[in-house]
Amino acid sequence: MTSIGGAQMVDWNLAVATATRLVRPGPDISREEARAVVAELRRHAKASEEHVRTFTRMVPEGTEPEDTPVLVVDRAGWIKANVAGFRELLRPLLAKMESRRTGGPGGAVLGAVGGKVTGVELGMLLSFLASRVLGQYETFAPATRDLPASADGGGRLLLVAPNIVHVERELDVDPHDFRLWVALHEETHRTQFTAVPWLRDHLQGEIQTFLDETDVDPMTFLERLREAAQSLSGAGRPEGEQGESDSRSLVDIVQTPAQREVLGRLTAVMSLLEGHADFVMDGVGPDVVGSVSEIREKFQQRRAQGAGRLDQALRRLLGLDAKLRQYKDGEKFVRSVVEEVGMDGFNRVWTSPNTLPTKAEIAQPADWVARVHRKAES
């Protein structure tokens, strides 16, 4: 466990314990019904493979989808899986902080309480998210005793059964259609990474570049946290001067200029991946999900409204509103490109990192078409 000042940087076990203790209970469901839901989600995940391949014309290279496990989990299982992923992804950053630890007062404070505080804060964040995530393709997923992953060191598909049941009841939609619809979205993510072998390394490289730019000096870190708290609370700002920064997330506030550049590229990639998954789940839908139009309409309303003022505030603080925009903007990009150059033309996006859209091109799909297609044809 990486440490600073003799203390753990992140108490991962405390993060799991905190999140598991605070997470809301799932919907009321009998044991028999729960078993039926799990079995159906597994069937849908398997059926989705062929649906997605046929629609996208993307064929896995080397790693077959069945080589990446499908895990139907409860909320506690999702928490454990994500803590394992965070721990793996942040390992280089924490090692860097260990190598640059200081003996100053900032380092002492951070070393004494940082691990426990960070563990609790991470646990609180995960408890909030654990009742909202329907499914997830874990790109960087180390295998653990309870959570298998693909043999090449990453990749597993998670379907969070209690959340799926909760949302299908809340929306009052056909449960069998909704479960398949969700499976199609997550299977699209699995196909993206199994059919595009360079994508995982590229994404990991961008994330590590972002983390490498993190200011690891404890005093600077504590000062930035103080500024973030003031910005989020509006403290020290005259009335009427709360401007654009009020809508910024905690992640936005603590970024360095270099990180903002990397984040722009990451935002473009994530918008592409999420928008593509939304486009595919709806595109496949009419043939296999009879009520897809009703599901999409009700689901979009739910996304936009949130679950109340507190939920909306937390989503904005955590940057989840930005993720919702990724779905919308990315889907518009994919739809526009497919309409102009067809599915095979769109699939040029997977050729190399150079053919990925920029953040500006996500908003202007014609610019991507001009750069990738017309340049190639000239």
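The table that follows gives values for the structure above.
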{"quantity": "Some residue of segment 133-150 being among the acidic types (D, E), at pLDDT 90 or above and under 16 Å from E274 (Cβ atoms)", "calculated": "no"}
{"quantity": "Residue in segment 161-169 that is within 18 Å of T20 (Cα to Cα), touching a Lys or Arg at 6+ places or on another chain (Cβ under 8 Å) and in a helix (DSSP H, G or I) present", "calculated": "yes"}
{"quantity": "Hey, H166 at pLDDT 80 or above and buried (at least 21 other Cβ atoms within 10 Å of the Cβ) or not", "calculated": "no"}
{"quantity": "Test result for D329, modelled with pLDDT of 85 or more, within 16 Å of the chain's Cα centre (by Cα) and within 25 Å of F346 (Cα to Cα)", "calculated": "yes"}
{"quantity": "Condition met for V334 (out of contact with any Lys or Arg (no Cβ under 7 Å at 6 or more places or on another chain), more than 24 Å from Q301 (Cβ to Cβ) and modelled with pLDDT of 95 or more)", "calculated": "no"}
{"quantity": "Condition check for V117: modelled with pLDDT under 85 and within 24 Å of L14 (Cβ to Cβ)", "calculated": "yes"}
{"quantity": "Boolean, G342 is at positive phi, surrounded by fewer than 18 Cβ atoms within 10 Å (Cβ to Cβ) and modelled with pLDDT under 95", "calculated": "no"}
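The values are calculated or read from the model by the stated rules, or taken from the named source; none is laboratory data. Please read these numbers as outputs of a predicted model, since none were measured by experiment. Glycine also receives a Cβ, built like all others from the backbone with ideal geometry; neighbour counts cover every protein chain displayed.
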